[in-house]
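Reviewing the structure listed below.
The values are calculated or read from the model by the stated rules, or taken from the named source; none is laboratory data. Since the structure is predicted, the reported quantities are computational estimates derived from the model, not experimental observations. Note: ideal-geometry Cβ built from the backbone for every residue, glycine included; neighbour counts use all protein chains shown.
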Number of protein chains: 2
Amino acid sequence: MKRRATAFPGAVIRAVIRAALGSFALLAATLPPAAGQSTPDPAVDAAQRHVEANAAAILADHAAILKLPNDAANPDDIRKNAEYVAALFATRGFAMELLELDGAPPLVFGRRDAEGATRTIAIYVHYDGQPTNPDDWTNPPFRPTLYSAAIPDGGKPIDFPAEGEPVDPDWRLYARSASDDKAPMTALPAALDALDAEGVALTSNVILIFDGEEERSSPHLEAYLETHKEKFADVDLWLFCDGPTHQSRQPQLVFGVRGVTGLEVTVYGPNRGLHSGHYGNWAPGPGWRLATLLASMKDETGRVLIKNFYKSAEPLTKADRAALAAAPDVDGELRRTFGLAATELDNAPLAERVMLPALNLRGIRSAEVGDAARNVIPPSATASIGLRLVKGDDPANMLDLVEAHIRRQGYHIIREEPDAEVRARYALIAKVTRDGGYPAVRSAMDAPAVGPVIDALKRVAGDDLVLTPSLGGSLPLFMFETASDAPIVILPIANFDNNQHAADENIRLGNLFYGVGAYAAVLTMK
Amino acid sequence: MKRRATAFPGAVIRAVIRAALGSFALLAATLPPAAGQSTPDPAVDAAQRHVEANAAAILADHAAILKLPNDAANPDDIRKNAEYVAALFATRGFAMELLELDGAPPLVFGRRDAEGATRTIAIYVHYDGQPTNPDDWTNPPFRPTLYSAAIPDGGKPIDFPAEGEPVDPDWRLYARSASDDKAPMTALPAALDALDAEGVALTSNVILIFDGEEERSSPHLEAYLETHKEKFADVDLWLFCDGPTHQSRQPQLVFGVRGVTGLEVTVYGPNRGLHSGHYGNWAPGPGWRLATLLASMKDETGRVLIKNFYKSAEPLTKADRAALAAAPDVDGELRRTFGLAATELDNAPLAERVMLPALNLRGIRSAEVGDAARNVIPPSATASIGLRLVKGDDPANMLDLVEAHIRRQGYHIIREEPDAEVRARYALIAKVTRDGGYPAVRSAMDAPAVGPVIDALKRVAGDDLVLTPSLGGSLPLFMFETASDAPIVILPIANFDNNQHAADENIRLGNLFYGVGAYAAVLTMK
């Protein structure tokens, strides 16, 4: 197959990085405006030179690791990944161990101390990937395939470049976990190689943990952290290396995630489906009841009407507010992309909205619609409700507030299907099933351990760096807070359109190279 | 198998009939109070004697017709039924024809004129049955099986009695269409035999029509009536022989049915499912919108809030009101049976409620609930809404009222999925798909042609006869009104717990025998 790569630009890595930051294909494909100039920096310069000289080799390294199937459902496969990653870092000065718990994939642990370091940073990455259905993929998910651009943008398959040949940062490498979350497993060794090659010293002791079941919600991670708590006793900062860059395609640092919980509410009509003719406007329909109950929870602007729903949310700090004010405005573009004429609370900014708890209707179901609809008064109607929580919100307390609201609407709350006695006694019955869930995490942007990370990233990204107080989504970072008192910062490198969790997952090579620079900067931060 | 039948009571047929009126197994199994005495009557007495002498033979006749599979999906099967029923009445003085239309099962037509008759009554029965899934049945649906009682009441299979052997009216005969609607196809010939055997003359010319696709909503019936309208030109009264007796287990005459229509409403959120973390409380959720819209349509007591929804309903006549006041009160028992602590409008009587149009939520659907629920903001939410109409309500006008209400809530109504332009322009979009439907029918109880039917049935049932101004359910009787100006009366004979449309359909033999008396009385009415 004919190679169609354009020449490697050879510009300074900062420009490469900015140009290469994954274009969110759903947005306009223009580049962000030029960033403020950042000061020369030995670590970033070393990373730049290393990428320029070794782009094809870094790409080959990434392809090599992506050939290993990594669905956590297959213990043999997953162990091969653990051993592979342990070897990667063992050759780069880390003391590596495979920690083990019964029934769990290994937690790969490593440590490399730096001379004279007064700080220990712990870097989290996961080596498992989402399950794949090869039928949905353009190429087999574990046969890494290089493309000249993103497939929906007309990208065509191309041959891998030979060592020393030029590499285009717009190329895409397609494979499961190309971004999520093996990208750090290639970019981090490259950053170490770049620094070690030029003798640029690390400024922190570095702990690594590689999780083998993140895509299954890390069921053993808390136990691992607890079992080996002495290993994490001196952690001053957690660096969580996962996720995509900002929707604006600018690099970002993220200081928190929302918590999550939920509940399912079923309300009842007759104890069997009744003929809607014989009993229609006599027997109460559960759908009307559910609609009325749900409508009482949220007004038409999107404000949640449940008493005290917003009360426990911790107020924003001055730094949070400054960061929100400085965040790139992507809302108008997102509204166009998602086909929304307006968003909640009169187009209130997305970045501000995710700083509040959310009440979401995951689904509603009562009998059938469409061709399957029948003239029946159904026995019940169910709503699945998800909550997103912010710092200060306790999952159980928030569910209590929702239940109190349901009671205030006149409902008797039960935990099992109603029996005849309950039915005879209460006109309004709601079965509530509560999820577990976990709280939000939000690190103070002005915490002493956090400032140097921000400074380090600015050495790479300049003023393009977006400081995001919290992701809208949820990750169980609370367990790292439990394991230590250290703040948590999320440093994503993947392009936004990486098809994370879906078929045709990919990484834009420029984003992989950005990772090399970003890690080099953080490993040498002041 | 040992026969366990109790002796045939041998009491007067009125007592048999009352005792035998299908016990609605869901209600208390007590009998209704003794009716007022009715006057001796040659026709009813003839029917009584005929049933006493020929109970086993009538049962055998019924079993014979029930052996014929009658799913309208199988044209060969359905034609055998048509030919069978034509033969049944050809031997009883009727001129029979199989009317034909392309692609339709035959409409079996018959006529027998009575000497000196000044009135023509047309009797409607259908010979097709609901589709069956034999796996759901205790016995094969077309192998009629006799039971000592209803199966849920502990009934056991018993042998058919030999001719002349006693028959217990509490026995049940299980087979598809045992009640719906082959019961008249056995009871009516028996009534004719009873009258002819004792020389009791019919007082009306009698037209018969047997519909072969009622369970498929009679798609060709209107065309049959139009094509052969000269055959129906002299009809003075339609007698619609289908359905079950009153929930009180008392015999009833019914003077109308509700009309029916419906619509499906889909409201929209983002044009794709969005991550509820990243976009939760920014992107509007369609479930909240649908809940708010639905909640605006009906208040918590059950009153429909759509403007003018009750306006076109024709007021009740004095006779209607008297009949409603005299109707047996089954509401409390129905509430207990259906597990409802209360019904709409503070327990307003069912009989009165069905005299008003109804708005029913047939189903609601948005994304998933239960284990399948995902943390997504779904793209849409759909409600399937059914309307039941009363006399005076036009289906299209009623749907217009619902649409006007949706518009008043701020929605832009569309007929197809919204495109990007519509999405950009309107924050609130509702796709509305309208059903067809048909209007209600309600015959005046004091119409001249109707009075003799009421009198005739009182000769059989005495004061137990319930006069029901309208069923809650719907039948397309409007087409009979269109074909003639004659009133329509529904005369049901089947037990209420006949499992109509379901597995294990059955008829209580006493109800079959009641049919013999009821038809004998109507065929000889003054």
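Among the candidates B:Ser23, B:Ser38, single out the residue that is crowded, with 21+ Cβ neighbours inside 10 Å and either part of a loop (DSSP other than H, G, I, E, B) or at pLDDT below 95 (or both).
Values: B:Ser38 fails: crowded, with 21+ Cβ neighbours inside 10 Å.
Step by step, each of B:Ser23, B:Ser38 is checked, and only B:Ser23 is crowded, with 21+ Cβ neighbours inside 10 Å and either part of a loop (DSSP other than H, G, I, E, B) or at pLDDT below 95 (or both).
Going by the structure shown, is A:Leu509 of a type in the set (A, V, I, L, M, F, W, C), under 24 Å from A:Ser179 (Cβ atoms) and touching a strand residue (DSSP E or B) at 6+ places or on another chain (Cβ under 6 Å)?
no
Can you pull out every residue in the range B:460-485 that is buried (at least 19 other Cβ atoms within 10 Å of the Cβ) and of a type in the set (S, T, N, Q)?
Matches in the range B:460-485: B:Thr468, B:Ser470, B:Ser474, B:Ser484.
In the range B:367-393, which residues are of a type in the set (Gly, Ala, Ser), within 22 Å of A:Gly436 (Cβ to Cβ) and assigned to a loop (DSSP other than H, G, I, E, B)?
If we filter the range B:367-393 for residues that are of a type in the set (Gly, Ala, Ser), which is where we start, we get B:367, B:370, B:372-373, B:380-381, B:383-384, B:386, B:392.
Right, trim to within 22 Å of A:Gly436 (Cβ to Cβ) and you get B:367, B:370, B:372-373.
Matches in the range B:367-393: B:Ala373 only.
Being more than 18 Å from A:Ile58 (Cβ to Cβ) and either in contact (Cβ under 8 Å) with a residue 60 or more places away in the chain or aromatic (Phe, Trp, Tyr) (or both): is that true of A:Gly103 here? Walk me through it before giving the result.
Numbers: more than 18 Å from A:Ile58 (Cβ to Cβ): yes; either in contact (Cβ under 8 Å) with a residue 60 or more places away in the chain or aromatic (Phe, Trp, Tyr) (or both): yes.
So A:Gly103 fits the description; yes.
Every residue, every condition in (1) in a strand (DSSP E or B); (2) among the aliphatic types (A, V, I, L, M), yes or no:
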{"position": "A:Asp102", "(1), (2)": "no, no"}
{"position": "A:Gly110", "(1), (2)": "yes, no"}
{"position": "A:Tyr124", "(1), (2)": "yes, no"}
{"position": "A:Phe142", "(1), (2)": "no, no"}
{"position": "A:Pro161", "(1), (2)": "no, no"}
{"position": "A:Gly164", "(1), (2)": "no, no"}
{"position": "A:Ser179", "(1), (2)": "no, no"}
{"position": "A:Ala197", "(1), (2)": "no, yes"}
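The rows are residues; the columns are (1) assigned by TED's automatic domain parsing to the domain that holds A:Ala396; (2) in contact (Cβ under 8 Å) with a residue 12 or more places away in the chain.
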| residue | (1), (2) |
| --- | --- |
| A:Leu188 | no, yes |
| A:Ser217 | no, yes |
| A:His220 | no, yes |
| A:His228 | no, yes |
| A:Val235 | no, yes |
| A:Pro251 | no, yes |
| A:Glu264 | yes, yes |
| A:Tyr268 | yes, yes |
| A:Asn281 | yes, no |
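With more than 19 Å from B:Ala520 (Cβ to Cβ) and assigned by TED's automatic domain parsing to the domain that holds B:Glu222 as the only criterion, which of B:Arg92, B:Arg112, B:Arg79 stands out?
Every option except B:Arg79 fails the conditions.
Only one of B:Asp136, B:Asp159 is surrounded by fewer than 20 Cβ atoms within 10 Å (Cβ to Cβ) and farther than 21 Å from B:Asp61 by Cα; which? Break it down into steps so the answer makes sense when it comes.
Values: B:Asp159 fails: farther than 21 Å from B:Asp61 by Cα.
The conditions single out B:Asp136.
How about the range A:308-321: which of its residues are at negative phi and either loosely packed, with under 14 Cβ neighbours inside 10 Å or not in a helix (DSSP H, G or I) (or both)? Lay out the reasoning, then the answer.
Step one: of the range A:308-321, the residues at negative phi are A:309-321.
Within the range A:308-321, A:Phe309, A:Tyr310, A:Lys311, A:Ser312, A:Ala313, A:Glu314, A:Pro315, A:Leu316, A:Thr317, A:Lys318 meet the criteria.
Any residue at all in the range B:472-479 that is touching a residue at least 60 places away in the same chain (Cβ under 8 Å), more than 14 Å from chain A (Cβ to nearest Cβ), aromatic (Phe, Trp, Tyr) and farther than 22 Å from B:Leu188 by Cβ?
Of all residues in the range B:472-479, those touching a residue at least 60 places away in the same chain (Cβ under 8 Å) come to B:472-479.
Then drop every residue that is not more than 14 Å from chain A (Cβ to nearest Cβ), which leaves B:478-479.
Narrowing the set further to residues that are aromatic (Phe, Trp, Tyr) leaves B:478.
Remaining after also requiring farther than 22 Å from B:Leu188 by Cβ: B:478.
Yes: the range B:472-479 contains one or more residues that are touching a residue at least 60 places away in the same chain (Cβ under 8 Å), more than 14 Å from chain A (Cβ to nearest Cβ), aromatic (Phe, Trp, Tyr) and farther than 22 Å from B:Leu188 by Cβ.
Scan the range B:318-332 for residues that are out of contact with any Ser or Thr (no Cβ under 9 Å at 6 or more places or on another chain) and either under 26 Å from A:Arg289 (Cβ atoms) or in the same structural domain as B:Gly386 (by TED's automatic domain parsing) (or both) and jot them down.
Answer for the range B:318-332, where residues must be out of contact with any Ser or Thr (no Cβ under 9 Å at 6 or more places or on another chain) and either under 26 Å from A:Arg289 (Cβ atoms) or in the same structural domain as B:Gly386 (by TED's automatic domain parsing) (or both): just B:Gly332.
Which count do you get for residues in the range B:330-347 that are more than 7 Å from chain A (Cβ to nearest Cβ), surrounded by fewer than 16 Cβ atoms within 10 Å (Cβ to Cβ) and either part of a loop (DSSP other than H, G, I, E, B) or of a type in the set (Val, Ile, Thr) (or both)?
0
Tell me which residues, restricted to the range A:71-100, are among the polar types (S, T, N, Q) and part of a loop (DSSP other than H, G, I, E, B). Outline the logic, then answer.
First, the residues of the range A:71-100 that are among the polar types (S, T, N, Q): A:74, A:81, A:91.
Of everything in the range A:71-100, those that are among the polar types (S, T, N, Q) and part of a loop (DSSP other than H, G, I, E, B) turn out to be A:Asn74, A:Thr91.
Please list, ordered by residue number, the helices (runs of 4 or more DSSP H) wholly in the range A:221-307 having 1 or more residues that are at the interface with another protein chain (Cβ under 8 Å from one of its Cβ atoms), crowded, with 24+ Cβ neighbours inside 10 Å and out of contact with any Gly (no Cβ under 9 Å at 6 or more places or on another chain).
On the way: elements: A:221-227, A:276-279, A:286-295.
Ranges flagged: A:286-295.
Residues are listed down the side, and each one gets a yes or a no for (1) over 24 Å from A:Ala351 (Cβ atoms); (2) among the aliphatic types (A, V, I, L, M):
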{"position": "A:Pro379", "(1), (2)": "yes, no"}
{"position": "A:Gly386", "(1), (2)": "no, no"}
{"position": "A:Ala424", "(1), (2)": "yes, yes"}
{"position": "A:Tyr438", "(1), (2)": "no, no"}
{"position": "A:Arg442", "(1), (2)": "no, no"}
{"position": "A:Pro469", "(1), (2)": "no, no"}
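Which residues, taken from the range A:496-508, are surrounded by 24 or more Cβ atoms within 10 Å (Cβ to Cβ) and either more than 17 Å from the chain's Cα centre (by Cα) or modelled with pLDDT of 95 or more (or both)?
A:Glu505, A:Asn506, A:Ile507, A:Arg508
Please work out which one of (1) without any contact (Cβ under 8 Å) to a residue 12 or more places away in the chain; (2) in contact with a strand residue (DSSP E or B) (Cβ under 7 Å, 6 or more places away or on another chain) is the condition A:Asn74 fails and give its number.
Every condition holds for A:Asn74 apart from (2).
Going residue by residue through the range B:348-366, is there one that turns out to be touching a residue at least 24 places away in the same chain (Cβ under 8 Å), more than 23 Å from the chain's Cα centre (by Cα) and in a strand (DSSP E or B)?
Yes, the range B:348-366 contains at least one residue that is touching a residue at least 24 places away in the same chain (Cβ under 8 Å), more than 23 Å from the chain's Cα centre (by Cα) and in a strand (DSSP E or B).
Quick check on my filter: what residues within the range A:144-156 are surrounded by 20 or more Cβ atoms within 10 Å (Cβ to Cβ) and part of a loop (DSSP other than H, G, I, E, B)? Outline the logic, then answer.
Looking only at the range A:144-156, we keep the residues that are surrounded by 20 or more Cβ atoms within 10 Å (Cβ to Cβ), and these are A:144-147, A:150.
If the condition is that a residue be surrounded by 20 or more Cβ atoms within 10 Å (Cβ to Cβ) and part of a loop (DSSP other than H, G, I, E, B), then A:Pro144, A:Ala150 are the ones that fit.
Report the residue count in the range B:116-131 for those that are under 18 Å from B:Val522 (Cβ atoms) and not small (Gly, Ala, Ser).
To start, the set of residues in the range B:116-131 that are under 18 Å from B:Val522 (Cβ atoms) comprises B:116-125.
Narrowing the set further to residues that are not small (Gly, Ala, Ser) leaves B:118-121, B:123-125.
Final tally of qualifying residues: 7.
In the range A:356-401, how many residues are at the interface with chain B (Cβ under 9 Å from one of its Cβ atoms) and of a type in the set (D, E, K, R)?
Number satisfying all stated conditions: 5.
Taking the stated definitions as given, is B:Leu457 out of contact with any His (no Cβ under 9 Å at 6 or more places or on another chain), under 20 Å from B:Arg216 (Cα atoms), crowded, with 22+ Cβ neighbours inside 10 Å and touching a residue at least 60 places away in the same chain (Cβ under 8 Å)?
Working: out of contact with any His (no Cβ under 9 Å at 6 or more places or on another chain): yes; under 20 Å from B:Arg216 (Cα atoms): no; crowded, with 22+ Cβ neighbours inside 10 Å: yes; touching a residue at least 60 places away in the same chain (Cβ under 8 Å): yes.
Here the answer is no, as B:Leu457 does not meet what is asked.
Here are some conditions: (1) aromatic (Phe, Trp, Tyr); (2) free of Cβ contacts under 8 Å to residues at least 60 places away in the same chain; (3) within 8 Å of chain B (Cβ to nearest Cβ). A:Tyr310 meets all but one. Which one does it not meet?
The one condition A:Tyr310 does not meet is (3).
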